[in-house]
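The values are calculated or read from the model by the stated rules, or taken from the named source; none is laboratory data. Everything numeric here is computed off the predicted structure, so don't read it as measured data. Don't worry about glycine lacking a Cβ; one is built from the backbone with ideal geometry, like all the others, and counts go over all protein chains shown. Ligands, DNA and RNA are excluded from the accessible area calculation, which covers all protein heavy atoms including side chains. Shrake-Rupley method; radii C 1.70, N 1.55, O 1.52, S 1.80 Å.
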Amino acid sequence: RIVHSADYRSGAPFSGQRVLVVGMGNTGAEIALDLQEHGARVCLSVRSPQNILPRDFLGTPMQVTSMRTAFLPVAVRDAMGRLTSRMAFGDLTPYGLPTPTYGPATEILKYGRTQVLDIGTVARIKAGDIEVVPAIDTFRASGVTLTNGATREVDAVVLATGYHSGLAELLDVPELLDRTGRPTQETRAARNIHFVGYRNSLSGLLRQIGVEAEAVARAIACRAA
């Protein structure tokens, strides 16, 4: 049984099953935790290094910290993120979670990806309740072969492998989109077409949507005037 994260609702139907979750973004990490809490035996396939931060640190949500430090240079914010991760979790490399060469600020500004905000998955990995494994090489009838040659027998696979915007299917204006299919910074308000919510933000997507919605409203009002 293979399920994409878009169709995942709860870990309850997977209780007692061997489940492989593919991808450790925020979606994959939280699904793995939910499955484990519902009694599944979980493997988490991590294909590349991840920046992992606690959702809250020293009593303050990380998104609030990001807003307060947004004026600092990217290199400083990267260093602060790495230090926070090390203080919260220690060295995660022995658990199969190496740190990327770039920090969390660079990850979102350069690559458009948000860091993992942990809500308990790391603790379950450290406790041995969730096994981290490398990427999948091939699927077999009863499981998977991993890129390190190891095999795992599984009853179900949850693909937390991300989403695409779908804008390319709606717009016949390819120059408005970048290579990932998201609107470019330069053309987000071009040709009377406005885009809201397609850019990740260190301060949180919902807050970013509010900021962008107000900017769009002002742009429309100015144009109408």
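Looking only at the stretch 5-23, which residues are closer than 19 Å to residue 116 by Cα and either in contact with a Leu (Cβ under 6 Å, 6 or more places away or on another chain) or in a helix (DSSP H, G or I) (or both)? If the condition is that a residue be closer than 19 Å to residue 116 by Cα and either in contact with a Leu (Cβ under 6 Å, 6 or more places away or on another chain) or in a helix (DSSP H, G or I) (or both), then 5, 6, 21, 22 are the ones that fit. Among the candidates 149, 181, the residue that is touching a helix residue (DSSP H, G or I) at 6+ places or on another chain (Cβ under 9 Å) and among the small types (Gly, Ala, Ser) is uniquely 181.
Would you tally the residues in the stretch 41-77 being assigned to a loop (DSSP other than H, G, I, E, B), touching a residue at least 40 places away in the same chain (Cβ under 8 Å) and either out of contact with any Pro (no Cβ under 8 Å at 6 or more places or on another chain) or of a type outside the set (Lys, Arg) (or both)? Residues that pass the stated criteria total 6. When the stretch 68-88 is filtered for residues that are open to solvent by 80 Å² or more (accessible area, probe 1.4 Å) and either at pLDDT below 90 or touching a helix residue (DSSP H, G or I) at 6+ places or on another chain (Cβ under 6 Å) (or both), the ones remaining, listed by number, are 68, 71. Of everything listed in (1) touching a residue at least 24 places away in the same chain (Cβ under 8 Å); (2) within 13 Å of residue 51 (Cα to Cα), the single unmet condition for residue 119 is (2). Determine whether residue 113 is touching a residue at least 40 places away in the same chain (Cβ under 8 Å), under 30 Å from residue 40 (Cβ atoms), outside any strand (DSSP E or B) and open to solvent by 20 Å² or more (accessible area, probe 1.4 Å). Spelling it out, residue 113 is indeed touching a residue at least 40 places away in the same chain (Cβ under 8 Å), under 30 Å from residue 40 (Cβ atoms), outside any strand (DSSP E or B) and open to solvent by 20 Å² or more (accessible area, probe 1.4 Å).
Taking the stretch 19-40 as the range and being open to solvent by 20 Å² or more (accessible area, probe 1.4 Å), modelled with pLDDT under 95 and closer than 26 Å to residue 138 by Cβ as the test, the residues that pass are 25, 27.
Set side by side, the residues 97, 44 differ, and just one is within 19 Å of the chain's Cα centre (by Cα), under 18 Å from residue 155 (Cβ atoms) and open to solvent by less than 80 Å² (accessible area, probe 1.4 Å), which is 44. Of all residues in the stretch 149-174, exactly one satisfies the criterion of being aliphatic (A, V, I, L, M) and loosely packed, with under 11 Cβ neighbours inside 10 Å, namely 170. Looking at the stretch 134-148, is at least one residue touching a Leu at 6+ places or on another chain (Cβ under 8 Å), closer than 30 Å to residue 89 by Cβ, surrounded by 15 or more Cβ atoms within 10 Å (Cβ to Cβ) and among the aliphatic types (A, V, I, L, M)? Yes, the conditions are met somewhere in the stretch 134-148.
Return yes or no: is residue 91 in contact with a strand residue (DSSP E or B) (Cβ under 6 Å, 6 or more places away or on another chain) and either loosely packed, with under 15 Cβ neighbours inside 10 Å or not in a strand (DSSP E or B) (or both)? No: the conditions fail for residue 91.
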